[in-house]
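The values are calculated or read from the model by the stated rules, or taken from the named source; none is laboratory data. Because the structure is a prediction, the values reported are computed rather than measured. As a convention, Cβ positions derive from the backbone with ideal geometry for all residues, glycine included, and neighbour counts pool all protein chains shown.
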Amino acid sequence: MAAPAQTVEGKRRARARRWEHLGAYLFLLPNLLGFLVFTLVPVAAVGLLAFTRWGVIDRPQWVGLRNFVRLLSFHSEAGHTTANDPFFWQYLGNTVFLMLGLPLAVAGALGLALLLNQRLRGMVAYRTIFFLPAVCSPVAVALLWKWIYAPDFGVLNYALHMVGVANPPQWLQSTTWAKPAFILMGLWTGIGGYNCVLYLAGLQGIPAELYEAADLDGAGWWQKLRHITWPLLSPTTFFIVVMGVIGGFQGGFTAAYMMTDGGPAGATTTLMYYIYRMAFQWFEMGYAAAIAVVLFLLVFGFTLLNWYLGKRVVHYQ
Amino acid sequence: MRQVAGKAAAIGAAPPPQPSPGGRRSEGRRQAKARRWLVSALCYLVLSLAGVTMLAPLLWMISTSLKAPGRVLTFPPRWLPTEPVTVQVEGRPREVVEVTHHGHRVRAAIMGVRPEGLVLRELGRDNSKKTPLSLTLSQGERGNASSGRTAGANPAEWVQPDDTRVRRLERWAPHWENYAQAWGALKVESGFFGLLHNADGLLVFYLNSLFVAIMVTLGQVVTCSLAAYAFARLHFPGRDKLFLAYLATLMVPSVVTMIPVFALLRRMSLTDTYWALILPGIFSAYGTFLLRQFFLTLPTELEDAAKIDGAGRLTIYWRIILPLSKPALATLVTFVFLHTWNDFMWPVIVIDDLGKKTLPIGLAHFQTPFLTEWHLLMAASVIVMMPVLVVFVAGQRYFVRGLVLSGLKG
C-alpha cells in the first residue's frame, strides 16, 4: 500500500520540479534567445563564412581554404618571395605598432593612481578631470585631435614651434608620424581612464600594515614601490595588459575612419579597419570573415599566452 | 596591526626607537611635518600640471568652437576667442594697436599695411581720432630677429629694433551663435520616425541617439536581470554549463560576430532601421554576468520569508531582488547608456539614412561639408559630448564602482 502512495508523491514532486525548471527557463528565455541569435550562432557562422566567397547579394560559395591561402601564404615571383596579401601583413604590423602605447599607458595610469591615492583634499576633483577624456565621444575626440594635429594651423605644431622645433612633423599626413600621433591621442584618453581607476581600487586594497612595517625597516619609497606596491598590484596589471592586448588587436577603427581614412599609404590602417573595408566597402564578406577568424585566433592565442606567463608573475594576496 | 609592525621592527635592521628628550622629539616631529607638507605640495604640483595637460585639448575645443569664422585659422593661434578691437576712422573700421616707444605708451589705429610697413594714426584716450599720421613702422619679425621665425600673416605684435613695440588690442568675443549654426547646419529631410521634416540635423541625431540608447538600456536591464536572477537563484538542468558558455563569449571580440549579425539583419530587411541598432544591443553576456555576481551577494532571508508567505518567483524578483539591486542596476545603466551613446562602428555599418543616424555617425557626416570649418566642427563636437560629461559627473560613483566590480572580481 505504501509503495503506490510514494510514487504518486514522487510524481507530484517531479511535476513540481518540471514546473520550476520551466519557470526558470522562462526567466532565461529573452536573454538566451538574443545570446543564441546574436552571439553563439554568429560565432559559428563566421567560422563557416570564412571558407566561402560571398558578395552579400549572391549566395555564399564554398571555396575551401582559398581565403586563408590568399591571406596568410606567400608566393615566389622572379626569385622574390612575396605575400599573397602584403596589405594584411602591413596592417598587422600597424596594429602591433599601435599597441606600443600600452606600456606607456600602464605606467602612466599607475603613476597617476599613486598620486591620486595620497590622502589629500580635492582628489575626487582631480580624478574626475583625468577621467573626462575616457567618457568623451570617440568621434568628437578624433575630430578634436585632427584639429590639434593640423600641420599648418594646428596648436601642437605651434607649441613645438615655440619651443624651437624648426620643422615639426606633418603628423597625420606623414607615414612616420601618423602612428605616433594615434598613440599620443590614445594616451590622452587612456591614462586617466579605466586603468587608473582599477589601479586606484587595487591600491586601496593593499593593507597599510605592510607599509608601516616597511617604514620601520627603513625602506625608501622606491623600495616600497618595488617590493610591496608593484607585486601586490600585479593582478591589476595583468588584467589591464590582457584587456589592453585584446582591445589593441581590435582598435583603430574610429581614429582611422575619422582622421586619416587609413592613410597615408595605409600607415594607419589596422586589422579592424581592413576588415571593415573588406566587408562593408568592397563587399568581400567571405574574405573579411577569414581575416576576422585570424584576428580572433590572434587574440585568443595572446590571451592564452598572457594567462600562461601571468601565472608565473602574478602574486595573489 | 600593531603586532605586525612590532614584529617587523624586531626583525628589521633599524634599531628600535629610542626615547628621546622632548626637544629633539618635537624637532623630529616638525621635520616630519615639513616633509609631509613638501610631499603633498609636490603631489599637487604634478597633478595640477598633468591636469592642465589633460584639460588643454578640451579647452581648446571649446575655445575654437566660440571663434569667429575668420579667426580660426590664424597663425599664431589665439588661445581665446578674441577679436581685434576696431574703431571707426575716416568711415571705415580700423584695428587698434598699442604702441610702446621707449616706455611711452599710446593707442593708434592701423590705417593701412604697406610693403614698407604699417601706417598708424594716434588715437585719443576715448578712441577719438587725434593728430594725423604719426608713425610708420616696418613690419618686422616677431621676437628677436635672430631666431628666424616669421610673424605670420596675423601677428599679435611687432617689435622694432629701436625698442618700439606695437601690440594688437584684442577683446574677448565669444561667438555663441556658432552653436546655433552647427545645430542647424545639416538639414534632414525626414527623420525620427518621419515625424520631423526638413529638421535641424543635430536635433534629429540627438533624438535618434536618445531613443536608441534608452531602448537598449531598458532592454538590457530587463533581459539581463531576468537571466541573472535565473542564474543566481533558480535551479534547472544545465545551469552551470550555460553560464560557462556566457562567460566564454565575454572573450569573443565583437569583430567576430559583426559580419554574421549584419548578414542576418540584412536577411530580415532590418538594416537601416532602428531595430538594427537596438536588437543586437539588448542581450548581453556582460550585463548578465555583472548582475548575477551582485545577486549572489544578496542575503536570502528576505526571499525565504516571502516564499513562506506564498510569493512566486516573479514577485520575489520584482519586489525583493530588483529593489535591493539598485546600485548594480545603476552601474549597468550608466555603462550601457554610455556605451550605446558613444558607439560608432556598428551604426556606421548598419545605418545609411541620414534621418536615422545617431550622434556619433551624424557628427562623422558633418565632416564632409564642413571639412575646414573647425569652429562649426568643434561646436558640434561640444554639443555631442556635453550630455555624456554631465551624466558621467552625476553618475560617477556608480561608474567607478561598476568598473571595480566588473574588472577584478571576474
- Query: When region A:64-74 is examined, which residues are found to be of a type outside the set (D, E, K, R) and either closer than 20 Å to A:ALA178 by Cα or part of a helix (DSSP H, G or I) (or both)?
  - Reply: A:ASN67, A:PHE68, A:VAL69, A:LEU71, A:LEU72
- Of all residues making up region B:268-287, the number that are in a helix (DSSP H, G or I), touching a residue at least 24 places away in the same chain (Cβ under 8 Å) and either of a type outside the set (Gly, Ala, Ser) or over 27 Å from B:ALA330 (Cβ atoms) (or both): 6
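Conditions (1) within 11 Å of chain A (Cβ to nearest Cβ); (2) surrounded by fewer than 16 Cβ atoms within 10 Å (Cβ to Cβ); (3) in a helix (DSSP H, G or I), marked per residue:
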| position | (1), (2), (3) |
| --- | --- |
| B:GLY310 | no, yes, no |
| B:LEU332 | no, no, yes |
| B:THR340 | no, no, yes |
| B:TRP346 | yes, no, yes |
| B:THR372 | yes, yes, no |
| B:ALA380 | yes, no, yes |
| B:VAL390 | yes, yes, yes |
| B:GLN396 | yes, no, yes |
- Would you mind finding the one in B:PRO76, B:PRO69 that is closer than 30 Å to A:PRO133 by Cα, at pLDDT below 90 and touching a Phe, Trp or Tyr at 6+ places or on another chain (Cβ under 9 Å)? B:PRO76
- Which of the residues belonging to region B:244-262 are more than 15 Å from A:LEU49 (Cβ to Cβ), buried (at least 18 other Cβ atoms within 10 Å of the Cβ) and in contact (Cβ under 8 Å) with a residue 40 or more places away in the chain? B:TYR246
- Query: Using beta carbons and a limit of 8 Å, which pairs, at least six apart or on different chains, have the first residue in region B:51-79 and within 18 Å of B:LEU371 (Cβ to Cβ) and within 9 Å of chain A (Cβ to nearest Cβ) and the second one aliphatic (A, V, I, L, M) and in a helix (DSSP H, G or I)?
  - Reply: B:MET61/A:ALA140; B:MET61/A:LEU144; B:MET61/B:MET378; B:MET61/B:VAL382; B:THR64/B:MET378
- Note on the structure: Of (1) among the aromatic types (Phe, Trp, Tyr); (2) away from chain B (no Cβ under 13 Å); (3) in contact (Cβ under 8 Å) with a residue 40 or more places away in the chain; (4) out of contact with any Phe, Trp or Tyr (no Cβ under 7 Å at 6 or more places or on another chain), A:TRP54 fails just (2)
- Note on the structure: B:PHE231 meets each of (1) more than 15 Å from B:GLY355 (Cα to Cα); (2) in a loop (DSSP other than H, G, I, E, B) with one exception, condition (2)
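Conditions (1) buried (at least 22 other Cβ atoms within 10 Å of the Cβ); (2) more than 9 Å from chain B (Cβ to nearest Cβ); (3) assigned to a helix (DSSP H, G or I); (4) modelled with pLDDT of 85 or more, marked per residue:
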| site | (1), (2), (3), (4) |
| --- | --- |
| A:ALA166 | no, no, no, no |
| A:ASN195 | yes, yes, yes, yes |
| A:LEU198 | yes, no, yes, yes |
| A:GLY218 | no, no, no, yes |
| A:GLN223 | no, yes, yes, yes |
- Message: Among the residues of region A:46-63, are any outside any helix (DSSP H, G or I), over 20 Å from the mean Cα position of the chain (by Cα), in the same structural domain as A:GLY266 (by TED's automatic domain parsing) and at pLDDT below 90?
- Response: no
- Message: Looking only at region A:8-35, how many residues end up being closer than 30 Å to B:VAL350 by Cα and exposed (fewer than 13 other Cβ atoms within 10 Å of the Cβ)?
- Response: 1
- Message: Let me confirm something: among A:THR303, A:THR254, A:THR236, A:THR229, which residue is free of Cβ contacts under 8 Å to residues at least 60 places away in the same chain and part of a helix (DSSP H, G or I)?
- Response: A:THR236
- State yes or no: is A:LEU172 within 11 Å of another protein chain (Cβ to nearest Cβ), on the phi < 0 side of the Ramachandran plot, crowded, with 22+ Cβ neighbours inside 10 Å and touching a residue at least 24 places away in the same chain (Cβ under 8 Å)? no
- Counted residues in region A:154-164 being more than 7 Å from chain B (Cβ to nearest Cβ) and buried (at least 17 other Cβ atoms within 10 Å of the Cβ) come to 3
- Item | Residue check for A:MET258: over 13 Å from the mean Cα position of the chain (by Cα) and either under 30 Å from B:MET258 (Cα atoms) or charged (D, E, K, R) (or both) | yes
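Yes/no per residue for (1) of a type in the set (A, V, I, L, M); (2) under 17 Å from B:LEU389 (Cβ atoms):
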position: A:THR95; (1), (2): no, no
position: A:LEU104; (1), (2): yes, no
position: A:GLY111; (1), (2): no, no
position: A:ASN117; (1), (2): no, no
position: A:VAL135; (1), (2): yes, yes
position: A:PRO138; (1), (2): no, yes
position: A:LEU144; (1), (2): yes, yes
position: A:LEU156; (1), (2): yes, no
- Message: Given the options B:LEU296, B:LEU265, B:LEU290, name the one that is surrounded by fewer than 16 Cβ atoms within 10 Å (Cβ to Cβ), hydrophobic (A, V, I, L, M, F, W, C) and assigned to a helix (DSSP H, G or I).
- Response: B:LEU296
- Message: Just to confirm my filter: which helices (runs of 4 or more DSSP H) fall fully inside region A:75-153 and include at least 1 residues that are more than 14 Å from chain B (Cβ to nearest Cβ) and at pLDDT 90 or above?
- Response: A:86-98, A:101-116
